[in-house]
1. Can you run down the residue pairs with Cβ atoms below 8 Å, 6 or more apart or on separate chains, where the first is in region 349-377 and surrounded by fewer than 17 Cβ atoms within 10 Å (Cβ to Cβ) and the partner is of a type in the set (S, T, N, Q) and at pLDDT 75 or above?
2. Is it true that some residue in region 298-308 is assigned to a helix (DSSP H, G or I), open to solvent by less than 20 Å² (accessible area, probe 1.4 Å), of a type in the set (A, V, I, L, M) and within 21 Å of T185 (Cα to Cα)?
3. Mind listing whichever residues of region 322-346 are surrounded by 12 or more Cβ atoms within 10 Å (Cβ to Cβ) and at pLDDT below 80?
4. Test G571 against the criterion of being modelled with pLDDT of 80 or more, among the small types (G, A, S) and either surrounded by fewer than 13 Cβ atoms within 10 Å (Cβ to Cβ) or under 43 Å from the mean Cα position of the chain (by Cα) (or both), and give yes or no.
5. Assess whether L215 counts as being open to solvent by less than 50 Å² (accessible area, probe 1.4 Å) and either in a helix (DSSP H, G or I) or in contact with a helix residue (DSSP H, G or I) (Cβ under 7 Å, 6 or more places away or on another chain) (or both).
6. Quick check on E695: is it open to solvent by 90 Å² or more (accessible area, probe 1.4 Å), more than 30 Å from G574 (Cα to Cα) and at pLDDT 65 or above?
7. If you take the residues in region 218-236 that are surrounded by 19 or more Cβ atoms within 10 Å (Cβ to Cβ) and over 29 Å from V195 (Cβ atoms), which one is nearest to the chain's Cα centre (by Cα)?
8. Residue check: is A239 closer than 19 Å to R157 by Cβ, under 32 Å from the mean Cα position of the chain (by Cα) and assigned to a helix (DSSP H, G or I)?
Amino acid sequence: MRFVLVLLALLLLPALAQAQVPFLPGTATETASDSNADASIDELIRIIENDASRAALIERLKQVESDPAGAPTAEPAVADLSIVRQVAEYTQAAAEGASATIRSLGAVFLDLQAGISGTDSASLAAFMEIVGPVLLAAGGLFGSYLLLRMLAHMLSRRMATGLETAGWLRRAGAALLAVLMDLSTVLLAWGIGYVVALNFAGQVPGRMGINQSLLLNAFLMVEITKLAARAVLAPRLSALRLLPVNDDNAAYWFFWLSRIISLIGYTFLFIAPLLAGNLSAAIAAAVKVLVMATAATIAVIIIMQNRDDVRHWLADRAKQRDDGLGHFLVLLGRYWHVVAIAYLTALLVVWFANPEEALPFMLSATLQSLVAVIVGVVIVSFIARLVSTGLNLPGDIKDRLPLLEARLKAFVPTVMQVVRWVVIIGVLVAIAQAWALFDFAGWISTEEGQGVAGSVISAALIILVCLALYIAVSSWVEFRLNPNFGTVPTSREKTLLGLFRNAFTIALVVFGVMLALGQIGVNIAPLLAGAGVIGLAIGFGAQKLVQDIITGIFIQFENVMNEGDVVEAAGKTGVVEKLTIRSVTIRDLSGTVHLIPFSSVDQVSNMVRGFSFHVAELGVAYNSDIVAVKQAMFDAFDRLMESEHKDHILDNLEMHGVTAFGDSAITVRARIKTVPGEQWSTGRAYNECIKTVFEERGIEIPYPHVTYVQGGEARASGRVLLPSTDETGPNEG
């Protein structure tokens, strides 16, 4: 690169030296200059074509490059500007730009003064001759449009009858039809205006002037723009209005929008070109300045009139939210009018300074920003409505997977929050692109941009796949645990499926987070090493936790208890409600929940494994006939087999006979074999049958008796009252 610069300097030095000589066209100097230039070029070509001379030239250039004294001196370039230098250059550019803007504003008013002073009476007379045909064309154009608008309004009013209570789709169709009718009136009036201009407004039938064409084209563009505003607001027909705006607000906003559109549109598209072509460009510029100032003043008045209304509206929207967007809406409501007035002022100043380039750029950027905001709002609203109304699953899926709909709806707030922030970021990027603050399109086309975008998209896809896997596995486990479909799951299946779901969720979260971090460029090797060190520290420091997990693993391998079993562990008896790899949750008979870590469990007693027994131990009096007692117990068992408990009994009554002699009773024991967990209900029913049979047959079950005698009577009789535990009553001594 430096070699090329030196070569160019050598080639340009003769030309620069020649430029110091005064040059007069047509003199000998011009001829000598041309001949010297041709000779120099021929000499350079000859040197380059010859190998020896070309090598000598290169060697001489290298010497010149290595010897700075022989080369022309230049001011050394500053490789790296300091911050102070950069700030100075920035302020210099800003000051020069402000000065240029002020000079441009002054030039506008100077041109205005020159144009007005330079317009003579002859030009005004010629201009008035041109105005006549234009007025004739305007009369035909606007007269026909007024009549057609009245007819279209009557038809729209009839069509809107009865649509206040109609559905959204029908109202949208009617609104679209009304827009098409309005568009047809504009096009028809535009055509009538061309007919009038061609046949009546021109000097020769069938020919028209450029001024009439300007008017007709301005009418078409302005009225179509007003048509768009009328289609959105529908100021006279509330039934065709799709926006939630009342009649007063719709009429207010359409009134001012239509006036501003007509004022700016007809001025820039018709009046200014008419004045510039027939009177003076300065007068046309003056009219533009006056119209723009008037439009800006009207806009400022509208902003100040609606300052409080917009602030209250934004505050109401902010109350519905409790996040960063809500706080932003509150802040925007306080200062939105200041921002709007500042924007209008900047727009007006920029137009005054550079209407050819700056104003189109600002208008284009503003329009693109508005479109980006509107598209973002529409996308968020559409997704919110789709998610809120599209999660009602069919009835058969609800029966098979009762928790799926609730699980999906649980993700809605998180999903909507993510979607909302993605849309906000997209809108901000589009606004930055429109205002040339950040060239996102250029950056995304580079290798770095594509790499960053690919990493973010890959991480997002990994998270989405993990969420889909979690929902799929959870739904499958839920389906397997649903007793209404397929086979009824056993207690072992419930336990293992619950453990599998928990382990799968933890593994999925860990691997998903690691893979997502790896995709966005985070080095996960230190994380894995740190996790190993932390695991080792936990292994040494939390011995109880390790003991819990190891004991839980062996309990699961040995299948000693499952969810739904009635067990006794660590001195607590109850139903196993939840079983993890570390602890067991037991609910006792009183409803109290006990969380027992496996490290404190040294013995587990399962009362519902395989089968169960109800042991009936009955105490009868010593004078009872044991054979009759046994027969009564068999008869009570027969009555039990006639009840609904017969399905729970697996075998006949197992009689054990007399098992103990008590102080006042003989114990007779029998046993009933039942299905697991039914021994308690079966035993209660059998006790009722025993009580009934014993009463029928006079078999007495002894129990303690206590008799109370008044103190005076006891002393008079000389008796002492003692409690008795036999069936005959109190003992006396």
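1. Within 8 Å, the pairs are Q368/Q433.
2. For region 298-308, residues assigned to a helix (DSSP H, G or I), open to solvent by less than 20 Å² (accessible area, probe 1.4 Å), of a type in the set (A, V, I, L, M) and within 21 Å of T185 (Cα to Cα): absent.
3. Once the filter is applied, which keeps residues that are surrounded by 12 or more Cβ atoms within 10 Å (Cβ to Cβ) and at pLDDT below 80, region 322-346 yields L325, G326, H327, F328, L329.
4. Working: modelled with pLDDT of 80 or more: yes; among the small types (G, A, S): yes; either surrounded by fewer than 13 Cβ atoms within 10 Å (Cβ to Cβ) or under 43 Å from the mean Cα position of the chain (by Cα) (or both): yes.
It is true that G571 is modelled with pLDDT of 80 or more, among the small types (G, A, S) and either surrounded by fewer than 13 Cβ atoms within 10 Å (Cβ to Cβ) or under 43 Å from the mean Cα position of the chain (by Cα) (or both).
5. Judged against the criteria, L215 is a match.
6. Working: open to solvent by 90 Å² or more (accessible area, probe 1.4 Å): yes; more than 30 Å from G574 (Cα to Cα): yes; at pLDDT 65 or above: yes.
Taking the combined requirement at face value, the residue satisfies it.
7. Once the filter is applied, the top-ranked residue is L233.
8. Working: closer than 19 Å to R157 by Cβ: yes; under 32 Å from the mean Cα position of the chain (by Cα): no; assigned to a helix (DSSP H, G or I): yes.
Here the answer is no, as A239 does not meet what is asked.
The values are calculated or read from the model by the stated rules, or taken from the named source; none is laboratory data. Predicted model, so just to flag it, every value in this text is computed and none were measured. Please note: Cβ atoms are built from the backbone with ideal geometry, for glycine as well, and neighbour counts cover all protein chains shown. Keep in mind that these areas ignore ligands, DNA and RNA; they rest on the heavy atoms of the full protein, side chains included. Shrake-Rupley method; radii C 1.70, N 1.55, O 1.52, S 1.80 Å.
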